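Working notes, structure below.
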Amino acid sequence: MRYASDPVANLREIMKKDIHPEYVATTVTCTCGNTFETKSTVKSGAISVEVCSACHPFYTGKQKIMDTGGRVARFERRYGNKK
């Protein structure tokens, strides 16, 4: 075993062979249309997300109602705009 002078080589010696999933380039696509590249163990090489940093209110600084599965629409149908 090597010492702190080569930490990457230490990891290679410790890790078991042929048990780790393949790490591939992956395209992440958001419902807002934003896409970006990352790496993942997803075999298809594509991930779909509902919210990303380009459209999430925390990152954009804008308030917006996040409609998860039509819950906001169902609430508005059920209770309407009562004033």
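The values are calculated or read from the model by the stated rules, or taken from the named source; none is laboratory data. Fair warning: this is a prediction, and the values are worked out from it, not measured in the lab. Cβ atoms come from the backbone with ideal geometry, glycine included; neighbour counts cover every protein chain shown.
With respect to the conditions (1) modelled with pLDDT under 80; (2) among the small types (Gly, Ala, Ser); (3) touching a Lys or Arg at 6+ places or on another chain (Cβ under 9 Å), SER5 lacks only one, and its number is (3).
Restricting attention to segment 25-44, which residues are assigned to a loop (DSSP other than H, G, I, E, B), surrounded by 12 or more Cβ atoms within 10 Å (Cβ to Cβ) and touching a strand residue (DSSP E or B) at 6+ places or on another chain (Cβ under 8 Å)? Don't jump to the end; show me each part of the working.
Taking segment 25-44 and keeping what is assigned to a loop (DSSP other than H, G, I, E, B), we get 31-34, 41-44.
If we keep only those that are surrounded by 12 or more Cβ atoms within 10 Å (Cβ to Cβ) as well, we get 32, 34, 42.
Within segment 25-44, VAL42 is the sole residue that qualifies.
Within segment 49-59, take every residue that is surrounded by 12 or more Cβ atoms within 10 Å (Cβ to Cβ) and at pLDDT 80 or above and give me the one that is nearest to VAL28 (Cα to Cα).
Looking only at segment 49-59, we keep the residues that are surrounded by 12 or more Cβ atoms within 10 Å (Cβ to Cβ), and these are 49-52, 54-57.
Among the residues that remain, those that are also at pLDDT 80 or above are: 49-52, 54-56.
Numbers: VAL49: 7, GLU50: 10, VAL51: 11, CYS52: 9, ALA54: 12, CYS55: 14, HIS56: 15 Å.
Per the stated criteria, the residue is VAL49.
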